[in-house]
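What follows is a short report on a single structure.
The values are calculated or read from the model by the stated rules, or taken from the named source; none is laboratory data. Here the structure is a predicted model, which means the values were calculated and not measured. As a convention, Cβ positions derive from the backbone with ideal geometry for all residues, glycine included, and neighbour counts pool all protein chains shown.
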Amino acid sequence: MSKVLVSDPIDQAGIDILSQVARVDVKIGLPPAELARIIGDYDAIMIRSETRVTKEIIEAATNLKIVGRAGVGVDNVDVPAATRKGIVVVNSPEGNTIAAAEHALAMMLSMSRYIPEADRSMKSGQWNRKQFVGTEVYKKTLGVVGLGKIGSHVVTVAKAMGMKLLAFDPFISAERAEQLGCRLVDLDTIFRESDYITLHIPKTPETTNLINAETLAKMKPQARIINCARGGIIDEAALAAALKAGTIAGAAIDVFGVEPLGESELRSLGKEIVLTPHLGASTAEAQVNVAIDVAEQIRDVLLGLPARSAVNIPGLHPDAIAQLKPYLQLAETLGNMVSQLAGGRINDLQVGLYGDLAEQQTKPIVTAALKGLLSPALRERVNYVNAGIEAKERGIHVSETRDASVRDYTATLKLVAKGSLGQHSVTGALLGDAEMRITSVDDFPVNVVPTQNMLFTVHKDVPGIIGIIGSLLGKFNVNIASMQVGRKIVRGDAVMVLSLDDPLPDGILNEIKQVTGISDAYTVTLTS
Ligand SMILES: NC(=O)C1=CN([C@@H]2O[C@H](COP(=O)(O)OP(=O)(O)OC[C@H]3O[C@@H](n4cnc5c(N)ncnc54)[C@H](O)[C@@H]3O)[C@@H](O)[C@H]2O)C=CC1
Ligand SMILES: O=C(O)C(=O)COP(=O)(O)O
């Protein structure tokens, strides 16, 4: 039975789902060394933002198949290290959107009306009305950095509160921004014109320290900044200095460079700052959503099914996967075949997509071809997660050609592999919905169903050769299931493809290569 480690607080709804297929151990607050010591036992780990799945943890994770992040941000996971090892990383892209957006809005209003400080003063026995005169958000300008799922919801609600909206997001169109009722501007305009700035971007090398002394200096003195996205996007020392100096008026911060936040100047500031301990996703509703979303994906991956929100595999919806499945199988089979025909080291793969295939998403099909291409060398170590990266590391150059007008078959895929021992090509097609055919080998036309044990020969198209091979295989008790010869011209070169009931015993291939008229011979073994 599979084993799943839950190392951060996860709603019971998620644990119930995992328990259907695995033994679940809940161990919260493990020190990194202890996690590294035990992770080798587990097939899956389910986390939130507290557990750091570092390179060291990934290296120690000898059985791990999936990291499930019950939330959005995966900056606490070394995704490249996981990818290299073929470990799927999944998250819940939408489960806590509303919770995070509502928290940002709550922070904006509490900061504007000094609610936390007023509450504190009430609870200490005071009745102080003069000290807490706030500001309205109505007709103020809100600059949203990151107009994704959370940013969009913030914008929708802020608009209803009568705010003017600016947005910066280099990956969003002006039309989309307009639909949401905001003006897409550059970052400088956000800094210079906003009364409120709210961050809804991931932490990346580009966004780290995006808010620093220099950018804070561009803001209006009445500007207030909200960070419910990620720690590290704001330089905390520069923010504390700007608040003390009155460069900006306020800040509301939920996330910190180091969590839990230790001693910090931010803690010593007054009513101008509102602090919460990473509570953006902490609603009952969001926690049920993310737990179910991610637990279902872990369950599916452990059952050998695809995950719907993998962050490190060619992004595909399950419906798209179902539709592409026959093409993916064809690509993988052809990749595997061409790799065995080419032998040696492959440094170039050309992928030709014709007919209906030319209209499909290319990336997953290329990934499947690479998985097949690398599987003779890497066996089960290569999968859809790491095939691209493994190929890149081996210096395999991949190019694609598409032509929807080529209609020899409904969908045709051609792979050409160039390597240290020369160039080989295989073309395959789908008949009907899922029936695979090899339709050419090294440009010789054939029509062969791929089978487990195959023998390919290149020979002179002269009488007698086929008979010689037949009797040679007979001598070694190898049964021929089917045989096809493909040739371009009569008595020219030809290719013979044989499906064998049994693997070719050692030594026979060399004997076949010695036959006069046969210039080359290859075996191909397909495992699936
Ligand atoms: N405080 C909390 O508890 C929570 C925090 N978050 C964080 O909120 C952030 C946003 O989450 P979602 O809206 O769900 O993600 P999303 O992926 O839907 O949106 C992010 C947006 O940022 C944009 N973006 C990326 N790089 C950018 C850059 N350099 N400049 C401007 N825009 C850039 C993207 O184009 C995208 O539209 C994430 O960092 C996530 O980790 C999410 C949930 C809860
Ligand atoms: O989903 C996210 O990105 C969050 O930051 C939420 O973090 P959490 O799951 O509450 O530790």
- Message: Tell me whether the range 244-255 contains one or more residues that are away from ligand 1 (no atom under 15 Å from the Cβ), farther than 16 Å from ILE98 by Cα and under 34 Å from the mean Cα position of the chain (by Cα).
- Response: no
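How do the strands (runs of 3 or more DSSP E) wholly within the range 1-90 filter down when requiring 3 or more residues that are at pLDDT 95 or above, more than 16 Å from ligand 1 (Cβ to nearest atom) and not β-branched (Val, Ile, Thr): which remain? Let's see the steps before the verdict.
On the way: elements: 2-6, 22-26, 44-47, 66-69, 88-90.
By residue number, 2-6, 22-26.
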- Looking at the range 210-223, is at least one residue in a loop (DSSP other than H, G, I, E, B), within 13 Å of ligand 1 (Cβ to nearest atom), farther than 21 Å from LEU105 by Cα and among the hydroxyl-bearing types (Ser, Thr, Tyr)? no
- Message: So, in the range 86-124, how many residues would count as being surrounded by fewer than 18 Cβ atoms within 10 Å (Cβ to Cβ) and either under 30 Å from VAL382 (Cβ atoms) or under 22 Å from the mean Cα position of the chain (by Cα) (or both)?
- Response: 2
- Complete set of residues in the range 235-275 that are within 11 Å of ligand 2 (Cβ to nearest atom) and either basic (Lys, Arg) or touching a strand residue (DSSP E or B) at 6+ places or on another chain (Cβ under 8 Å) (or both): ASP254, VAL255
- Task: For the range 263-304, enumerate the residues that are under 22 Å from ASN63 (Cα atoms), away from ligand 1 (no atom under 16 Å from the Cβ) and touching a helix residue (DSSP H, G or I) at 6+ places or on another chain (Cβ under 8 Å).
- Result: ALA295, GLU296, ILE298, ARG299
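Go through the range 175-195 and give me each residue that's of a type in the set (Gly, Ala, Ser) and either out of contact with any strand residue (DSSP E or B) (no Cβ under 8 Å at 6 or more places or on another chain) or within 13 Å of ligand 1 (Cβ to nearest atom) (or both). Lay out the reasoning, then the answer.
Going residue by residue through the range 175-195, those that are of a type in the set (Gly, Ala, Ser) are 177, 181, 194.
Within the range 175-195, just ALA177 meets the criteria.
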- Please list, ordered by first then second residue, the pairs with beta carbon atoms under 6 Å, 6 or more apart or interchain, first in the range 192-204 and at pLDDT below 95, second within 13 Å of ligand 2 (Cβ to nearest atom). LYS203/ASP75; LYS203/ARG230; LYS203/GLY232; LYS203/ILE233
- Long-range neighbours under 6 Å by Cβ, at least six apart or interchain, first residue free of Cβ contacts under 8 Å to residues at least 24 places away in the same chain within the range 151-174, second of a type in the set (A, V, I, L, M): ALA174/LEU184
- Selected residue (only one of LYS139, LYS149, LYS123 is touching a helix residue (DSSP H, G or I) at 6+ places or on another chain (Cβ under 9 Å) and either within 16 Å of ligand 2 (Cβ to nearest atom) or charged (D, E, K, R) (or both)): LYS149
- Hits in the range 211-234 (condition: closer than 13 Å to TYR196 by Cβ and within 16 Å of ligand 2 (Cβ to nearest atom)): ILE226, ASN227, CYS228
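Does ILE47 meet the test of being among the hydrophobic types (A, V, I, L, M, F, W, C), under 19 Å from the mean Cα position of the chain (by Cα) and within 19 Å of GLN297 (Cα to Cα)?
yes
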- Query: What are the pairs, 6+ residues apart or on separate chains, where a residue within the range 68-83 that is farther than 21 Å from GLU390 by Cβ has its Cβ under 9 Å from a residue that is at pLDDT below 95 and small (Gly, Ala, Ser)?
  - Reply: GLY68/ALA307
- Message: If the requirement is being within 16 Å of VAL294 (Cα to Cα) and within 16 Å of ligand 2 (Cβ to nearest atom), which of these qualifies: VAL79, VAL72?
- Response: VAL72
- From the option list PRO326, PRO376, PRO314, single residue qualifying as modelled with pLDDT under 90, within 26 Å of THR525 (Cβ to Cβ) and out of contact with any strand residue (DSSP E or B) (no Cβ under 7 Å at 6 or more places or on another chain) is PRO376
- Assuming THR204 fulfils every condition listed in (1) over 21 Å from VAL154 (Cα atoms); (2) more than 16 Å from ligand 1 (Cβ to nearest atom) apart from one, which condition is it? (2)
- If you go through the range 276-305, how many residues are within 16 Å of ligand 2 (Cβ to nearest atom) and part of a loop (DSSP other than H, G, I, E, B)? 8
- From the set of residues in the range 383-405 that are touching a Gly at 6+ places or on another chain (Cβ under 6 Å) and modelled with pLDDT of 85 or more, which is nearest to ALA358 (Cα to Cα)? THR401
